[in-house]
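Just below is one structure, and these are the notes that go with it.
Please treat every number below as a calculation from the coordinates, not as lab data. Because the structure is a prediction, the values reported are computed rather than measured. When we count neighbours, we look across all protein chains shown, and the Cβ atoms used for this are built from the backbone with ideal geometry, even at glycine.
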Amino acid sequence: MSPRSLVGARPRSRRRNGDGAPALRVFVTATDTGVGKTQVASALLSLLADAGLSPAPFKPYESGCSRLSRPADALELRVAARSTDPLDRVCVHRFRAPLAPGVAAARLGRVPDFRAVLAAYRSFGDRPLVAEGAGGLLVPLDPRRDVIDLIEALALPVVLVARAGLGTLNHTGLSLELLATRSIPVRAVVLSRGSPARDPSIEDNAAWLSRRHGVLVLGPVPYIADPARRRWAFREVVRPLLNAPAPH
Ligand SMILES: Nc1ncnc2c1ncn2[C@@H]1O[C@H](COP(=O)(O)OP(=O)(O)OP(=O)(O)O)[C@@H](O)[C@H]1O
Ligand SMILES: [Mg+2]
């Protein structure tokens, strides 16, 4: 059975922004772990919440939880969305080990229930929604599925977060090529500077990625140590996604 068929047909109507554009529903993934997915997802959710659209935060798999009752990314997304959605639906599977979710589960002799993730996703109905993956596209979620299989099953377009500096032409290109093989639409690549170190590649990377792959590239978000200023910068960089036309 294809993962897509588990969720069923894409609903015909979605809630709309004030200007009539379809409300945003995206899956935020990245070229790697620790690149800025939570920052981007939180920025999008807070902008949607500001617009009064009651967005749903979704972080279905989270590992590295020092307390299973307090999954840090899921809680950050829920705060950004100003959501009261039950944490069990926002974050279905949680693991203490700082490992890929599928690897953490295997060490416990468990197989995380994929159908529970799909049921949680369906429970959000047609609200605007921002999902955050775990690590990058080929991170295992269970013995059969990687993050990219979840994206395909949810039939959501992707926002791909990538490092701004040296190496990103290769890592971002690899991720975009893989998404293209599954015909998964990409709304944008968001570049972020995770380090203040000087890097002469940064000035060219956005233009190269945009030309090579025909994709909207946002950023780079500069390196900003202060969390409040950093949140503001991410919001400004991703703001164009709120009103951009859907890819299909
Ligand atoms: N532009 C930036 N300036 C300063 N710090 C940044 C910037 N972008 C990301 N970071 C830092 O990098 C770290 C990782 O960011 P974030 O948690 O959003 O990554 P992630 O992709 O969600 O990671 P994970 O795979 O663990 O979920 C955070 O501590 C964040 O503050
Ligand atoms: Mg995260």
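Taking every C-alpha pair closer than 8 Å and separated by at least 6 residues, the mean separation divided by the residue count of the stretch 88-204 gives a relative contact order of 22 percent. Computed on the chain, with alpha-carbon pairs under 8 angstrom and 6+ residues apart, the relative contact order is 25 percent.
Out of every Cα pair in the chain, what percent are spaced more than 29 Å from each other? Percentage above 29 Å: 24.
Using just its DSSP H runs of length 4 or more, each adding -39500 (n - 2.57), the chain gives a mean residue ellipticity at 222 nm of -11000 deg cm²/dmol after division by all residues.
Taking other C-beta atoms within 10 angstrom as a stand-in for reagent exposure, 65, 91 fall in the order 65, 91, fewest first. A simple charge model with +1 on the Cβ of Lys and Arg, -1 on the Cβ of Asp and Glu and nothing else charged puts the dipole of the stretch 26-167 at about 380 debye relative to its Cα centre.
Placing +1 on the Cβ of every Lys and Arg and -1 on the Cβ of every Asp and Glu, with no other charges, gives the chain a dipole of roughly 520 debye about its Cα centre. Each of 223, 61, 121 was scored by other Cβ atoms within 10 Å of its Cβ. Listed from fewest to most, they are 223, 121, 61.
The residue among 195, 227, 156 whose Cα reaches farthest toward the positive pole of the charge dipole of the stretch 149-248, with charges on the beta-carbon of Lys, Arg, Asp and Glu, is 227.
Compared with the alpha-carbon gap, the fully stretched path from residue 239 to residue 123 is longer by 39.1 nm at 0.36 nm per residue. Fewest-first ordering of 69, 210 by other beta carbons within 10 Å of each residue's beta carbon gives 69, 210.
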